[in-house]
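Asker: Structure incoming, see below.
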Amino acid sequence: MNETISYHAFGKAMLAGGPDTAGAWIVTDAPTLAKFGLGMVHPGGENPKPHVADGYLIEAQTLDELAAKTGTDPRALAASIADINAAAEKGEDTSFGRGGSPYQRNNGDPTVAPNPTLGRIATAPFYAVRLQPADIGTAQGLRGDTHARLLRDDDSVIGGLYAVGNDLHSIMGGTYPGPGITLGPGLVFGAIAGRHAAARSHQEKGQTRAA
Ligand SMILES: Cc1cc2nc3c(=O)[nH]c(=O)nc-3n(C[C@H](O)[C@H](O)[C@H](O)COP(=O)(O)OP(=O)(O)OC[C@H]3O[C@@H](n4cnc5c(N)ncnc54)[C@H](O)[C@@H]3O)c2cc1C
């Protein structure tokens, strides 16, 4: 699997493989952990020991030890690391196409050549973090209009009922074009709904006074 693509596509691929792929390990080595961090381990050389102590980060002096601690096949792990190291030397990942597009390479490390997304995993200790698919938001929800008011089946407006964020059907209609596509519309439609509700409230107060 190419982990440099969209995490939505990554999650779907994990689920598509059934129980065998619904849990995976992301593996790195000491210099890369120090530079980039891994999951909850912050980049820049954060002391990894507390994460090792609580079991989040698996640490091992050899790849065989890492395989034993993660319950993976040692030969498969060694072959996988040999593949990634060969791809790093060549600058091309023929197995999964990591770093195959300008978008992916833009997220890489510009100091790494020939492909900024492909670095070697070579210097002990080695580290692993378990990956599992999870929710980050929804891409579908309740149907609303341009003022974030909710609609009935016949498209009539339900007066005074607004929805935003995960509850409102995404303007992207279930797709994921890129980062920010849940928080962005959440903020925009939150402001739109707030303004509309305030205007409606003013209008109603005016009508009450006039009566
Ligand atoms: C790890 C992670 C990374 C993400 N990264 C990004 C990103 O980079 N860009 C991006 O755009 N989006 C990102 N998202 C998605 C984004 O954060 C969510 O889609 C967004 O926060 C949803 O906002 P919301 O207000 O609809 O819901 P929420 O933020 O879930 O708010 C719902 C609130 O309702 C409260 N609540 C629930 N039930 C009740 C109840 N019965 N009574 C009272 N309160 C209740 C909850 O406690 C919560 O505070 C990420 C999400 C995760 C988890």
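Asker: Any idea what % of Cα-Cα pairs in segment 149-210 are farther than 17 Å?
Answerer: Within segment 149-210, distances greater than 17 Å cover 51 percent of Cα pairs.
Asker: A follow-up question, please. Test of understanding: what is the full-extension gain from THR123 to GLU65, defined as 0.36 nm times their sequence separation minus their Cα-Cα distance? Before the final figure, lay out each step's value.
Answerer: Values: separation 58, 0.36 × 58 = 20.88 nm, distance 1.40 nm.
Working it through step by step, the gained length comes to 19.5 nm.
Asker: Then there's this: May I ask for the net charge around GLY144, where only other residues with Cβ less than 14 Å from the Cβ of GLY144 are counted and Lys, Arg are +1 while Asp, Glu are -1? Intermediate values should be presented prior to the final figure.
Answerer: On the way: positive: ARG143, ARG149, ARG152; negative: ASP145, ASP153, ASP155, ASP167.
Result for the local shell: -1.
Asker: Report the local net charge at GLU89: Lys and Arg +1, Asp and Glu -1, summed over other residues whose C-beta lies under 14 Å from its C-beta. Before the final figure, lay out the partial values.
Answerer: Numbers: positive: LYS90, ARG98, ARG120; negative: ASP83, GLU92, ASP93.
Computed value for this residue: 0.
Asker: For segment 24-111, state the semi-axes of the equivalent ellipsoid (square roots of 5 times the eigenvalues of the alpha-carbon gyration tensor), sorted largest first and rounded to whole angstrom. Mind dumping the intermediate values first?
Answerer: Details: eigenvalues 111, 72, 20 Å².
Over the Cα atoms of segment 24-111, the semi-axes work out to 24, 19, 10 Å.
Asker: How far, in degrees from 0 to 90, does helix 183-210 lean away from the longest principal axis of the Cα atoms of the chain, to the nearest 10?
Answerer: Taking the Cα atoms of the chain, the angle to 183-210 is about 10 degrees.
Asker: At a threshold of 8 angstrom on Cα-Cα distance, excluding pairs fewer than six apart, so keeping six or more, what relative contact order does the chain reach in percent?
Answerer: Details: 279 pairs, mean separation 40.8, N = 211.
The normalised contact order for the chain reaches 19 percent.
Asker: From the backbone phi of segment 14-24, what are the Karplus-calculated ³J(HN,Hα) couplings (6.51 cos²θ - 1.76 cosθ + 1.60, θ = phi - 60°) in whole Hz, Gly and Pro given as x?
Answerer: 4, 5, 5, x, x, x, 5, 10, 5, x, 9
Asker: Taking all pairs of different Cα atoms in the chain, averaging 1/r and flipping that mean, what Kirkwood radius in angstroms comes out? Provide the component values of the computation, followed by the final result.
Answerer: Values: mean 1/r = 0.0481 Å⁻¹.
20.8 Å is the Kirkwood radius here.
Asker: List, in order, the whole-Hz ³J(HN,Hα) value for each residue of segment 104-115 obtained from phi through the Karplus relation with A = 6.51, B = -1.76, C = 1.60 and θ = phi - 60°; use x for Gly and Pro.
Answerer: Per residue, the Karplus-derived 3J(HN,Hα) values read 5, 5, 5, 8, x, 9, x, 7, 9, 10, x, 10 Hz.
Every number in this text was worked out from the coordinates using simple rules, so none of it is lab data. Bear in mind the structure is a predicted one, so any value in this text is a computation, not a measurement. Note that we place each Cβ from the backbone using ideal geometry, even for glycine, and neighbour counts take in every protein chain shown.
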